[in-house]
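This report refers to the structure that appears directly beneath it.
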Amino acid sequence: MSVTVNGLDELKKLAGSDLGTSEWIEITQERINTFADATGDHQWIHVDPEKAAEGPFGAPIAHGYLTLSLFIPLFTELLDVQGVTTKVNYGLNKVRFPSPVKVGSKIRLVGKLADVEEVKGGVQITVDGTIEIEGGAKPAAVLQSLSRFYA
């Protein structure tokens, strides 16, 4: 389910609103390997299925930063801001990775628009996000993301 707003005034009215839940996406070994190649992080816990099967999680796990990087495509399922000229990822306030994401797991985002504040030429939003693991007792990531939208 996506919330669509047109312009900054409509976005401001959403402050404090739950944005809903994205669709599930599967974390495949191919996605993990591609991320490892892109970042140069080829630690065995991520890219060596045989060795990882004998490791502490019983399977390869996604890089924490791979999970974090999926926030943006998952978030775009929750909120569509139209009528602006520029959308900028401004950063993060907090990030934690309470539970590893094993290969073959599915994750999704639950989001809340915690705050909307004015900045020069636009607004900055603060989103509280939880990346859940299907069937998991703990989330894969809990974060607070900042984005800016300019008129």
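The table that follows gives values for the structure above.
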| item | result |
| --- | --- |
| Extension gain (nm, one decimal) between Ala114 and Asn33, 0.36 nm per residue minus Cα-Cα | 25.8 nm |
| Part-to-part distance (alpha-carbon centres) for segment 83-151 and segment 15-80, which is given in Å | 15 |
| Given charges at beta-carbon only (K, R positive; D, E negative), |dipole| of segment 86-151 in Debye | 240 |
| Length added when fully stretched, Val142-Asn6, from 0.36 nm per residue minus Cα-Cα | 46.2 nm |
| On Cα atoms only, tilt of 29-39 relative to the major axis of the chain in degrees | 70 |
| Estimated dipole of segment 1-93 in Debye, rounded to 20 [Cβ of Lys and Arg +1, of Asp and Glu -1, Cα centre] | 360 |
| Segment Asn93-Ala59, extension gain: residue separation times 0.36 nm, minus the distance between their alpha carbons | 9.2 nm |
| Global geometry of segment 1-51, whether rounded, prolate or oblate, following the gyration tensor of its Cα atoms and the 1.5 cut on a/c | prolate |
| Diffusion constant of segment 98-148 at 25 °C, which comes from Stokes-Einstein with the Kirkwood Cα-pair radius and 0.890 mPa s, µm²/s | 201 |
| Of the GluC sites (Glu not before Pro) in segment 55-143, those whose Cβ has at most 14 other Cβ within 10 Å and which sit in DSSP loop | Glu134 |
| Loop sites in segment 1-51: GluC sites (Glu not before Pro), DSSP, at most 12 other Cβ within 10 Å | Glu23 |
| Radius of gyration and maximum dimension Dmax of segment 1-122, Cα, Å | 17.5, 54 |
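Throughout, read-outs are computed from the coordinates displayed, never taken from laboratory work. Fair warning: this is a prediction, and the values are worked out from it, not measured in the lab. FYI the Cβ positions are ideal-geometry reconstructions off the backbone, even for glycines, and counts take in every protein chain you see.
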